[in-house]
Amino acid sequence: MTVAMKFIAALALALALVLLNACASSTFSPSSSRQYPAFQGEVKVLKQLPAPGSYALIGIVRVEGPYLASDDRIYAQMKAQAAARGANAVVPQSAIKTQDVSSGGKLRILAAYAIRLRN
C-alpha cells in the first residue's frame, strides 16, 4: 500500500467517524407563553398521552439527525430539549422517520409532545 493510499484510507476513516458521531439538532415549539423551570431528572418516554388533566402540554420537540445517527442519540437529544423546557416526559408522535433532502442525503426525524406530568 502506497503512502497516498494509506492517506486516503485514513481520511475516509476519519470522515466515517465524523458522520457516525454527527450531532442531532432540535427545535421547540411552545404550546403557550407559560415557562417552566428546567427539569433536572430523567425524562420519561411514554407511548401515549396520559389521561386528560394529569399533565400539562408544554410544547412540541422536533429532532433532526443525520441518517447514521442512532435511535439512542435521537431520543437523547429529544429528552434533553424537553427537560430544558421543563418537561418531565415526552410522547413521540410516531416512530423515527427518514426523509430525503435536496442534497441527496437523508435525515432521521422525530417529533414528540413535551409534557409535565402532575404528581
Convert each backbone phi in the range 86-91 into a coupling constant with the Karplus relation 6.51 cos²θ - 1.76 cosθ + 1.60 (shift: θ = phi - 60°), then list the ³J(HN,Hα) values in order as whole Hz, x for Gly and Pro.
x, 7, 10, 7, 10, 10
With charges set only on the Cβ (+1 for Lys and Arg, -1 for Asp and Glu), what does the dipole of the range 28-89 come to about its Cα centre, in debye to the nearest 20?
180 debye
Positive end of the charge dipole of the range 23-117 (Lys, Arg +1 and Asp, Glu -1 on Cβ, about the Cα centre): tell me which of Ser26, Ala56, Tyr67 has its Cα farthest that way.
Ala56
With 0.36 nm assigned to each residue of separation and the Cα-Cα distance removed, Ala51 to Ala76 gains 6.5 nm
Between Glu42 and Arg62, how high is the FRET efficiency from 1/(1 + (r/R0)^6) when r is the Cβ-Cβ distance and R₀ = 22 Å? Nearest 0.05.
0.55
Rounded to 0.05, the calculated FRET efficiency for the beta carbons of Thr27 and Lys106 at R₀ = 22 Å is 0.70
Within 13 Å, Cβ to Cβ, of Ala95, how many net charges do the neighbouring residues add up to if Lys/Arg are +1 and Asp/Glu are -1?
+2
Hey, for a label at Ile96 modelled as a point 7 Å past Cα toward Cβ, could you say which residues of the range 22-47 have their backbone N under 15 Å away?
22-26
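Rule-based calculations on the coordinates, nothing more; no lab input. No experiment lies behind these values; they were computed from the predicted model shown. Note: ideal-geometry Cβ built from the backbone for every residue, glycine included; neighbour counts use all protein chains shown.
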